[in-house]
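What follows is a set of notes on a single structure, which appears directly below.
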Amino acid sequence: MAPPGGVHSVCAALCLFLKSLAEPVIPYNMYETCIGCCNSYLLCTQAMEKVPFCHRRVFRYLCAFFRQLLEESKFNNLDVKHLAQLFGNVILRAPPVRMSKARRSMAAVEDMKRAAFLYHFLTHEYDG
C-alpha cells in the first residue's frame, strides 16, 4: 500500500478525479480522431490542435506533471508505459454508449490505442 501523500496516492486521487469529470480532458467528440492517429506523434499533435483550448491546456499541464514524475522514476518506480495505460483511459474516454458485444471485444484494442496516444506526449515535449 502506498504511503499517504506519496506519489502513488496522488496519482490514484488524480485518476479518480479525472474519471469523475462529466467530459474527459480530451472531449468525447475527439475520441475517434485521437484513437485513429495513435500511431504517429505528428498526427496526435495535429489532432490536439482541434481540441478546445481549455482542454488542451489541461492536457498539456497533465503531461508536464507526468513527465516530472517520470524524471524521478528511479525513486517512485513509475514507468512511462504504465502511466500511459493508467491515465490514457481517463484522459481519453470513449463516448458513453451501451456496450455492445462488438464494442466490448474492441475494448482491449482501444485501451492500447489510448495508451499509445498519451505515450507520445509523455515521451515528447508538447507545448500545444
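Quick note: the coordinates plus some simple rules give every number you see, no bench work behind them. In this text the structure is predicted, and so the values were computed from the model without any measurement. Using ideal geometry, Cβ is built from the backbone for each residue, glycine included, and neighbour counts are taken over all protein chains shown.
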task = For a label point 7 Å from the Cα of residue 29 along Cα→C-beta, name the residues of the stretch 50-65 whose backbone N is under 19 Å from it.
result = 50-59
inquiry  = I want to check the label-to-label distance for residue 45 and residue 72. Put each point 7 Å from Cα in the C-beta direction and report it in nm to one decimal.
reply    = 2.8
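Using the number of other C-beta atoms within 10 angstrom as an exposure proxy, rank 79, 111, 127 with the fewest first.
Ranked by crowding around the Cβ, least crowded first: 127, 79, 111.
For a footprinting-style exposure proxy, rank 38, 15 by other Cβ within 10 Å, fewest first. Display every interim value, and only then the final one.
Numbers: 38 22, 15 15.
Result, fewest neighbours first: 15, 38.
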ask   = To the nearest 10 degrees, how steep is helix 53-71 against the longest Cα principal axis of the chain, on a 0 to 90 scale?
value = 40
query = What value, in deg cm²/dmol to 500, does the helix sum -39500 (n - 2.57) over DSSP H runs of n ≥ 4 give at 222 nm once divided by the residues of the chain?
reply = -21000 deg cm²/dmol
key: Leading residue at positive end of dipole, the chain (Cβ point charges), from 112, 59, 12   = 112
ask   = Where does each of 35, 91 land when they are ranked from fewest to most other beta-carbon atoms within 10 angstrom?
value = 35, 91
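Using the per-residue mean of other Cβ atoms lying within 10 Å as a proxy for protection, in what order, highest first, do the peptides 8-14, 24-30 fall?
Values: 8-14: 14.1, 24-30: 17.9.
Taking the mean over residues of other Cβ atoms within 10 Å, the ranking is 24-30, 8-14.
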